[in-house]
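Please treat every number below as a calculation from the coordinates, not as lab data. Please read all numbers here as calculations on a predicted model, not as lab measurements. We place every Cβ from the backbone using ideal geometry, glycine too, and count neighbours over all the protein chains shown.
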Amino acid sequence: MFSSPFPEENDNAHEGSITLTDDKGRSLDCYIEHRLEVDEQEYVLLLPVDSPVEIFSWEGDGEEEEAVLVEDDAIIEQIFANAQAVLSEQNLILKNTAYALTVAGDLPPVEESELFTLEIEDEGEDLEPEQLQLLASFYDEDQEYAIYTPLDPLLFFARITKTGEPELLSPEEFRKVQPLLEEHLFNEVE
């Protein structure tokens, strides 16, 4: 995953689309934001067609509540129908897609009162806090859940294999090629 250094890009500048598939056979349709070649290897920067969402559970004693990202597939499967129902009230369709849950439909306008800032700690690295917009909240078996969408786009970086299929870069691979890719992307923008 990669945060875009180009927030000013034209939304209509997509070069087509491509489908990512995870190891469970789920798919995620993405627009191709950029296509570039580095050392005879083709790479693509991908933006999901539908908006990504994250579900958090609120844990704690009421005074010290903490938002915990729900990543367990069994819990997502258990609460999926309720999450789908509350989002459908806003004409949003929740999808269990590859690599991220997504919603199809028009997101509500951003309201400051509905924003949540998530501080992310990653092995001593200071990462930028992520801003999320609340879409809906619901209860399942006395547990409160909230569905948020990130304000920053969720981007994926993939290489195109010899068979023409996209293959996501592992975090290690991405770190190795990131300086080269950023250099190419910045040179294209200038």
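Can you sort Ser27, Ser113 by how many other beta carbons sit within 10 Å, fewest first?
Ser113, Ser27
Testing the spin-label approximation: label points 7 Å from Cα along Cα→Cβ at Glu77 and Leu180. State their distance in nm.
My value for the distance between the label points is 4.0 nm.
Among the lysines, which fall within straight-line cross-link reach of Lys24, defined as a Cα-Cα distance under 24 Å, with same-chain neighbours fewer than 8 residues apart omitted?
Result set, ordered by chain and number: Lys95, Lys162.
Convex hull over the alpha-carbon atoms of the stretch 51-150: what's its volume per residue in Å³?
Once divided by residue count, the hull of the stretch 51-150 is 125 Å³.
By counting other Cβ atoms within 10 Å of each Cβ, how are Thr21, Thr117, Thr97 ranked from fewest to most?
Thr117, Thr21, Thr97
Rg (Å, one decimal) plus Dmax (Å, integer) for the alpha carbons of the stretch 18-109?
16.6, 56
Roughly how big is the stretch 51-150's charge dipole about its Cα centre, with Cβ charges of +1 (Lys, Arg) and -1 (Asp, Glu), in debye to the nearest 20?
920 debye
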